[in-house]
């Protein structure tokens, strides 16, 4: 398979293509500034036309005289890792159907496992869909059907150490099957075949229905199971329910599309990532949502290169430091 318009189509081609740092800088700059480099410190016309310092591999603004690299105000900011390693890592993350662990990336790139883990967490931040943060809502122009369901992610209670099991039981007040698990709610637009999913603190009515109203267009058809938190949705939606104690499908009323997504998510968590702490789960969910929403279909035959370019276009305006990632930014200094 040959390069199309100079864009690599396979991992081997990507590694060869991005073996030069200047090529990497040009690729990131093109996706970040399609109309030409702009100073991140200036606004309006003052931000245009900075000049490039070839020796330093950075730009200098003609207005404010500040220098800046292509990494400034992106997920790559302040990283000593070269783009020659960042870009193949991004390619592997978006192309591998079952994800890639930090140990795999550590062996592939020749960085430490800790560095590989930090790189992957920053890359997952870039994969978060901008649409989920905008006013764009699921349901389509004609109020198409939207499946809504929640799932519990975490190890089985009986497999936990007795001290951990006791701690979770004390926090939740019970020892049921959901004890110690993290809750994820998802919404699937059937027409667009797009998923949105997020971690929620509990399955109370106000939490789940707030998530639905924030992400689903009013008047859309909403399909759920008969869980109590979903009642009263018919005030704003055409709400239909399937009782899983009796059947899983009743005509068009089912949540099997979301069940498919849950199986993919949990297969990744159990098979590739193995151990994910609850406070990191949101980024792993974003990773799986990105791959699901940009998978190849008959109507939209996306390739690995398409997913890579889309991810690369989303790196700007996002920052994740190691202190934020590990919670150390909230520690009290002594």
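The values are calculated or read from the model by the stated rules, or taken from the named source; none is laboratory data. On a predicted model such as this, the values are computed, not experimentally measured, just so you know. Neighbour counts are summed over all protein chains in view; Cβ atoms, including those assigned to glycine, are modelled from backbone coordinates with ideal geometry.
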* Is it the case that segment 115-131 has a residue that's in the same structural domain as residue 41 (by TED's automatic domain parsing), modelled with pLDDT of 95 or more and farther than 22 Å from residue 288 by Cα? -> no
* Residues 309, 281: which one is touching a strand residue (DSSP E or B) at 6+ places or on another chain (Cβ under 8 Å), within 26 Å of residue 11 (Cα to Cα) and not in a loop (DSSP other than H, G, I, E, B)? -> 309
* Asked: Of the residues in segment 148-167, how many are surrounded by 12 or more Cβ atoms within 10 Å (Cβ to Cβ) and assigned to a helix (DSSP H, G or I)?
  -> 5
* When residue 110 is evaluated against the numbered criteria (1) surrounded by 22 or more Cβ atoms within 10 Å (Cβ to Cβ); (2) farther than 22 Å from residue 37 by Cα, which criterion, by number, is the only one it fails? -> (1)
* Please work out which one of (1) within 20 Å of the chain's Cα centre (by Cα); (2) modelled with pLDDT under 90 is the condition residue 152 fails and give its number. => (2)
* Structure fact -> Taking segment 15-33 and keeping only residues that are closer than 25 Å to residue 65 by Cβ and either without any contact (Cβ under 8 Å) to a residue 40 or more places away in the chain or not in a helix (DSSP H, G or I) (or both), one is left with 22, 26, 30, 33
* Asked: If residue 206 passes every condition in (1) out of contact with any helix residue (DSSP H, G or I) (no Cβ under 8 Å at 6 or more places or on another chain); (2) assigned to a strand (DSSP E or B); (3) free of Cβ contacts under 8 Å to residues at least 24 places away in the same chain but one, which one does it miss?
  -> (2)
* Structure fact -> Of those in segment 43-83 that are surrounded by 16 or more Cβ atoms within 10 Å (Cβ to Cβ) and in a helix (DSSP H, G or I), the residue modelled with the highest pLDDT is 83
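Taking the stated definitions as given, is residue 97 surrounded by fewer than 22 Cβ atoms within 10 Å (Cβ to Cβ), more than 15 Å from the chain's Cα centre (by Cα) and in contact (Cβ under 8 Å) with a residue 60 or more places away in the chain? I'd like the intermediate steps shown before the answer.
Values: surrounded by fewer than 22 Cβ atoms within 10 Å (Cβ to Cβ): yes; more than 15 Å from the chain's Cα centre (by Cα): no; in contact (Cβ under 8 Å) with a residue 60 or more places away in the chain: yes.
Answer is no for this residue.
Any idea which of 99, 143, 36 is under 23 Å from residue 293 (Cβ atoms), at pLDDT below 95, assigned to a loop (DSSP other than H, G, I, E, B) and in contact with a strand residue (DSSP E or B) (Cβ under 9 Å, 6 or more places away or on another chain)?
Numbers: 99 fails: in contact with a strand residue (DSSP E or B) (Cβ under 9 Å, 6 or more places away or on another chain); 36 fails: under 23 Å from residue 293 (Cβ atoms).
Only one candidate passes the filter, namely 143.
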